[in-house]
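The values are calculated or read from the model by the stated rules, or taken from the named source; none is laboratory data. The model shown is predicted, which means the values in this text are computed figures rather than measured ones. Here the Cβ positions follow ideal geometry from the backbone for every residue, glycine too, while neighbour counts run over all protein chains shown. Surface accessibility is based on the protein's heavy atoms, side chains included, excluding ligands, DNA and RNA. Shrake-Rupley method; radii C 1.70, N 1.55, O 1.52, S 1.80 Å.
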Amino acid sequence: MPGDMSPLSHSAEVKPTGSPALPVTSMETINTMVHYYRGELGRMAGWRNRIDQTSNWAITVVAALLSVSLSTPTSHHGVLLFAMLLVTLLLMIEARRYRFFDVYRARVRQLERFYFAEILNPRGQLALDWAAPIAKSLRKPEFLISYRDAACRRLRRNYCWMYLILLLAWALKISSSTMQSQTGSSKDIALAFEHVVAKAALGPIPGGFVLCFLAIFYAAIAYFSLKVDMSDTELAHGSVHV
């Protein structure tokens, strides 16, 4: 019968629903902003926790290998050089994580500075394009800082002090007689420079080469620790940053 329609034919005429409608009222807009802010805050906190985990790993490595190296004279000074290598690896991992954290941190701070701050204490008419950077980042997410800048920031905040502690421990290891297994005297005396260079040898690598390499390495650490761009848009607003 023409008027008889089966359930299958009826379901075939149902049109698929379109995309979710955009908020039209102020209440819908506020709810959307609140939920979006909470989402971005959670993503930022997640990457922040990952950064803290890497820093904790680096501190654990430094403490453990310092204990191994300085606890007994028979321990080789290469243990401290290996600690420097591990800390460098963790710094590289943390710099990568920091780049992701910086993206979500920038979105959260944009909302806080230009939206929530104006709600709490209005200082003028809200700029119409304040959300444009967030929309651009959502449409095409991109890193805001380079890998080198991220490494420099983390180096200045945490890792330069770990490198300094390892350097002091290494210098003590190769220059103090009580730290050398070959010395039978219990009296602690400073070794001559020639002996220090000889003790700095690492297998077939002569001590002079090791000393020169470490001098260049730590000069680079000092340079990049001080070379931090403080004109960044986030660093220019307040002192609470990472």
Subset tally (residues that are of a type outside the set (Gly, Ala, Ser), touching a Lys or Arg at 6+ places or on another chain (Cβ under 7 Å) and under 18 Å from ARG43 (Cβ atoms)) for region 108-167: 3
Segments classed as helices (runs of 4 or more DSSP H), wholly inside region 59-163, with at least 2 members that are without any contact (Cβ under 8 Å) to a residue 40 or more places away in the chain and open to solvent by 70 Å² or more (accessible area, probe 1.4 Å): 78-111, 117-120, 132-139
Hits in region 19-58 - residues which are outside any helix (DSSP H, G or I) and exposed (fewer than 13 other Cβ atoms within 10 Å of the Cβ): SER19, PRO20, ALA21, LEU22, VAL24, THR25
Pairs where the first residue, in region 201-221, is within 11 Å of TRP170 (Cβ to Cβ) and the second is open to solvent by less than 50 Å² (accessible area, probe 1.4 Å) and part of a loop (DSSP other than H, G, I, E, B), C-beta under 7 Å, 6+ apart: VAL210/ALA200; VAL210/ALA201; LEU211/ALA200
